[in-house]
Structure formats: structure tokens, C-alpha cells
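Let me begin by presenting the structure, written as C-alpha cells, before commenting on it.
The values are calculated or read from the model by the stated rules, or taken from the named source; none is laboratory data. Note that the structure is a prediction, hence the values are computed from the model and not measured. No Cβ is skipped: glycine too gets one built from the backbone with ideal geometry, and neighbour counts run over all protein chains shown.
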Amino acid sequence: MTTHPAPEAVDMSEAFVHGAAKVVPPPTLEVRDLSHTFERGTANEVRALSDVNLTLAPGDFVTVVGMNGSGKSTLLNAVAGAFLPDSGQILLDGEDVTRQGEFRRACHVGRVFQDPLKGTAPNLTVAENLSLALDRTRNPFVLRWALTGSRRAELRERVRTLQLGLEDRLDTRIGMLSGGERQALTLLMATLVKPSLLLLDEHTAALDPRSVEQVVKLTERVVSSQRLTTLMVTHSMHQAVQLGDRVLMMHRGRVVREIRGREKQQLRVENLLATFDQLRSMELLDESAADMLRRLYV
Amino acid sequence: MNLLFGALSMGLVLSLLGLGVYISYRILDTFDLTVDGSFAFGAVIAGVLLTRGLASFWASAAGFLAGMVAGAISGAVHRRLGVSRLLSGLLVATALYSLDLLIMGGGDISLASTRTLPTQAFDLWLRFGGPESGARIFGIEVSARTLATFLSMLPAVGTAVFLVDRFFRTSLGLAMRATGDNAQMARSVGIDDARVFIAGLAVSNGLVGLSGALFAQYQGFVTIQMSVGMLVMGLAAVAIAEGVLRGRSLGARIAGVVGGSIVLRLVVALALAAGLPANTLKLVTAALMLAVLVVPDMIRRRRLTPVTG
Ligand SMILES: Nc1ncnc2c1ncn2[C@@H]1O[C@H](COP(=O)(O)OP(=O)(O)O)[C@@H](O)[C@H]1O
Ligand SMILES: [Mg+2]
């Protein structure tokens, strides 16, 4: 180990710890006081995110659980840049990207959606879809051939790692494939070029049980082999227990509980369900209290 | 035979219009009303430059460029200013109509005294000893001018079609196809879908403008009437291509659109030869389009209907 920092590290003066000659990398993802309200001022107004704070260090694998409508997808969409949040900040690798467009962030963020139709272009072939993903960080306006022979060979090898036999179907329109196959390919596309951050939004929710198992295994393998920093929303308590090293529980746009370390290692499905019940009873209490107030004042 | 070669030439020229419409309508998945405007705009720009003595190649290229600008503006008005897709096309087409009249200083210009692609081809034909009277093909007279026109349009259009086919195998062509197919996917792999969409409309209307420029040279004059009904003509070519041919590969589809344009012109020529007045041309086009939209479906349905049903 050298006592002098590498030349490129000198610029990162903030990340440089004096004396220790050790470069502390910025967190991969930092979400600061993020809030967002949809349809503000209408009858449908909904506060989807409320002062959310979240930090993912490089290599962290965090799962997010919560009831329907608790704001999980909205959180991931905000991180991906699908909309501009009302307030708060989002930092990727230490850079403030809050106002950066979705496609720009996509250079560093891989993403798999709940809907298998969203992540792939149905009328393009498997090879064409993958080729676009391989060019994630390149400008298409710098003209070059999209699918050369060597590139096809490279893609074929990458598809082979999925172990689904899809390497022989590179020229099939991707819309002809099953949901599970498309989701596996979307996961491959999201990680073909190693992303800083991988976002998975209930990516097994729309699949049949057999495909769920395949895609979960694949997710585990891809995340651990590439040591990917991952934020994964799941509807499955089993997955939340089985995968990742931290669990976030969201409720009404807030992160209400965070389970990490030993507690996460010992976590069982029953614990999670119990926590949910607790939340639900608090909710009931809230509503009966509101009811009481209404009766008193109206 | 003259009629046949005339229809073939015109079909070739209008196949670029068909390809332009195919790009916006099928590849970018949008309905682009700019087309009517950019066809005439390409013709006007090329026509005015020809009367100023510019070589036909460069005048045609300028027609392509003019169409590109029109398409890019239409795309930008939609994606950057947030005007709806139909309105942005309509706005640009309407603005171009006035611009055409201003540039031409009237409703039409004649190219009779300019060196257009067909007249240049005719000169070449004579220079290489082609008989002025024409030639006999399958024993039937074809005038030299008609033949020269066809022989000049074939390589011009052929080159353009070849380049379009190649273009959609490049990084930008593939990005356009992805953007039209699934914009969310395009963004997720780092494609600036708004910019690619605008570029796609530029390419689409560039082809339309080039088609207009060649069409003006084919008929030897430019008229503001050229801005009427071109979108429908292009859509008809696409409809014929898709109704008859259900090719999978993009190359097959591109060839299909070219074929569709030629078929459309042949049908129109036959209708004229059969004695239908020229005023009914658009009516013939509309009827043919309706037929190719409806008939293949009817045939398929009949096949699928169970006998005991
Ligand atoms: N684009 C949107 N417009 C309006 N409301 C939205 C939008 N996206 C999400 N919401 C609302 O925000 C809340 C949180 O939604 P979401 O993040 O999708 O929940 P989850 O993924 O946890 O089920 C819901 O009440 C939902 O209806
Ligand atoms: Mg959701």
C-alpha cells in the first residue's frame, strides 16, 4: 500500500481522509429528505414520499418492503429520474443528480421493472435489445454498425450465462418470449455494462412460480458475482428475508423501519409479518382517533 | 409502354415519400402531418435552386436537407415545446405553405429550361448514341425521354433506398427503432429519446423532401398543389406493403414500401388509361387504400370462420 494517493485521487479532496492516506469512496446512493406529492391541490392529492433518507454504500444490497401504495415504486422512480421530486436531493456516487434526466442517469443505473413488457423493445430482436444495452454509455449519434459479428459473439456468450437456452434465439423478436425470459434478459441488459446502482422494482411479481425461482436465483448470482449495489423492492417477504443485507419498510411514503446487521441475519418471515400487523393496528388507531375528533367537532 | 415506364418512374420517386411516412408512422409510431408540407418544401427549394443554375444532384440534396429541417422543427415543437403531435405537424405544414409561396414568388415555377435529372439523363442517352426516337421493349415503342427519366430515377432512388436500409443497421437507426417501439426501454438504456425522436422525424421528412425534389424534376415544374394529399399517398403505399406482404425483416419491409408505391402508381395509371378523369386520382388512391386495409383482413377472417359456425 502506498502512502501517497494516486494522482486521480488527489482531486477528491473531500473524500480524502488526512493522515490515513485512505480514499473513502462516496456512497453509491444518497437520498436526502426526499419528498413528493402527486396531484397536489386536487382531490387525488397523495404524498407519495415524505422526508425519505437513505444511503447505500458500494456493494450494499437493500430490499424494500411495504404495502401497496406505500411509495416504493415512487422512490425507485425518483432515483431513476423518472420525475423531478418536490424537494430533497439524490446523489449518485457523490454527484447531485436530482435534476438530471432519466436517460443520462441510465448510464450508471440499471433497472428492471415489475412489468416484463417495460424493459425490452418487443419488435426488436434479442440481439438488438442487448446491443442497445451494451451501448448504454455510448452516444448513438456517433454512427457505427449496431450489430457486428464480433458483437453478436460477445452477446451470445453473455446470454449463455443465463442458462435458459436463449443464446440460440438471438434473432427472435423479444416480444415472442415469455415473461420470465424477458425479465431474465432485462436483468442481463441492466447489468451488461456494470452499473453503479441496480434498481429492481418487484421484478418477479408478474411471473409464474417457476420463473420467479429462476429470476430470483439469477438475481442473487448476478448481484453477488459483480458485487452490485442494489436497491430491490419486493412484494415477497421470503425474498426480503432471503436476499440482501438490509431491509427497509415503507409506509405512507416514509421509511418506518430499517432492519440491518444481526437482526437482518436472524430475520424470519414471521417477524416481518408481525411488523406489518403492528403498522396496520397503528393505522386503525389513527383512523379511530380521527373519527373521534370528527364526532367531537362536527 | 410509355404509360408503364412513366408509372414506374413516378412509383420509384414516390417510394421515398412512402419510406419517409413508414419511418414516422411505423418506426417512430407517430402520425406526422408535416409530410404534406415537407414534400412541397423539398420541391420548392430544389426547383428554385435549379432555376438558379445549381446542378440537379445538389438541388436534390438541398430538397432532402429542406425536408430534414422541416421534420426537425416539427419534432422539436412537439418534444421541446410540448405541443401535441398532430398540432406540431399541422403548424409546420401550414407555415411551410406560406413559405413556399414566398420563396417561389407565386404558385408555381417551371423547370423546362433547367438541367434536371431527366434532361441530363436524356442528354447522356443521346451522347452514348441512343436513338432519339426511343427504343423498342418487348416490341413496343418507348419514347427516349420516358426511358431516360426512368433510367435516371432508378439509380437515384435505388441509392437512397439502399442508404435507408443501411442507416437502420447503425447505432442511431437502432436507437430510433427502440424509441418508437418502447420509449421507456430506450431511456433505460441511456438513449435520449426526445433527441432521437427529433432526428427520426428529420430523416423521415428528409426523404419526403427528396421525394418532392425528384418529383418536381420528373414532372418538370413545381406547384403549390404538391402540398395536398401527400401524407395519404405515403400511407397508401405503406398500407399496400403491409396488406400484401407480411415480411418480418426490416429490409423486406423497406422493399415492400417501394413495391407498394409502384403498385399504387400502376393502378392509378391503369385507371387513367381506362378513361377515368384525372380529377378522380385521389379518389382512386383512397379506394385502393381502403381495399388493401380491409380485404386482407376479410380473407383472413373467412379462413378462420369455423364451417359449422
Ligand atoms: N404518476 C403518478 N401520479 C399520481 N399518483 C401516483 C403516481 N405514481 C404513484 N402515485 C401514487 O403514489 C402512491 C405510491 O405509489 P407507489 O410508489 O406506486 O406505491 P408502491 O410501489 O409502494 O405500491 C400511490 O398512492 C399511488 O397511487
Ligand atoms: Mg410498486
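Looking only at helices (runs of 4 or more DSSP H) that lie completely in region B:147-222, which have at least 1 residues being within 11 Å of chain A (Cβ to nearest Cβ) and closer than 26 Å to B:VAL13 by Cα?
Of the helices (runs of 4 or more DSSP H) lying wholly inside region B:147-222, those with at least 1 residues that are within 11 Å of chain A (Cβ to nearest Cβ) and closer than 26 Å to B:VAL13 by Cα span B:171-181, B:193-219.
Residues checked against (1) touching a residue at least 24 places away in the same chain (Cβ under 8 Å); (2) basic (Lys, Arg):
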| site | (1), (2) |
| --- | --- |
| A:LEU130 | yes, no |
| A:PHE141 | no, no |
| A:ARG144 | no, yes |
| A:LEU164 | yes, no |
| A:THR172 | yes, no |
| A:ALA184 | yes, no |
| A:ALA190 | yes, no |
| A:LEU198 | yes, no |
| A:GLU202 | yes, no |
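Results for (1) surrounded by 20 or more Cβ atoms within 10 Å (Cβ to Cβ); (2) within 16 Å of ligand 1 (Cβ to nearest atom); (3) of a type in the set (Gly, Ala, Ser); (4) closer than 29 Å to A:VAL31 by Cβ, shown as yes or no for each residue.
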position: A:GLY165; (1), (2), (3), (4): no, no, yes, no
position: A:LEU207; (1), (2), (3), (4): yes, no, no, yes
position: A:GLU213; (1), (2), (3), (4): no, no, no, no
position: A:HIS235; (1), (2), (3), (4): no, yes, no, yes
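Here's the yes/no breakdown for (1) within 16 Å of ligand 2 (Cβ to nearest atom); (2) within 14 Å of chain B (Cβ to nearest Cβ); (3) not aliphatic (A, V, I, L, M):
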site	(1), (2), (3)
A:LEU187	no, yes, no
A:ASP201	yes, yes, yes
A:ASP208	no, no, yes
A:VAL212	no, no, no
A:VAL216	no, no, no
A:ALA240	yes, no, no
- Message: Of all residues being part of a loop (DSSP other than H, G, I, E, B) and either modelled with pLDDT of 95 or more or buried (at least 17 other Cβ atoms within 10 Å of the Cβ) (or both) in region A:27-58, which is nearest to ligand 2 (Cβ to nearest atom)? Just the residue, please.
- Response: A:THR28
- Task: Would you point out which residue out of A:GLU220, A:GLU202, A:GLU181, A:GLU157 is buried (at least 20 other Cβ atoms within 10 Å of the Cβ) and away from ligand 1 (no atom under 16 Å from the Cβ)?
- Result: A:GLU181
- Has region A:96-111 got at least one residue that is within 16 Å of ligand 1 (Cβ to nearest atom), polar (S, T, N, Q) and either in contact (Cβ under 8 Å) with a residue 12 or more places away in the chain or loosely packed, with under 15 Cβ neighbours inside 10 Å (or both)? no
- Task: For region B:78-108, name all the residues that are surrounded by fewer than 21 Cβ atoms within 10 Å (Cβ to Cβ) and among the β-branched types (Val, Ile, Thr).
- Result: B:VAL83, B:THR94, B:ILE103
- Message: Between a residue in region B:261-273 that is assigned to a helix (DSSP H, G or I) and any residue that is at pLDDT 90 or above and hydroxyl-bearing (Ser, Thr, Tyr), which pairs come within a Cβ distance under 7 Å, given they are 6 or more apart or on different chains?
- Response: B:SER261/B:SER15; B:ILE262/B:SER15
- Can you find a residue in region A:144-159 that is in contact with an Asp or Glu (Cβ under 8 Å, 6 or more places away or on another chain), within 13 Å of another protein chain (Cβ to nearest Cβ), in a loop (DSSP other than H, G, I, E, B) and within 16 Å of ligand 2 (Cβ to nearest atom)? no
- Query: Which one is farthest from ligand 2 (Cβ to nearest atom), of the residues in region A:62-89 that are within 14 Å of the chain's Cα centre (by Cα) and assigned to a strand (DSSP E or B)?
  - Reply: A:VAL62
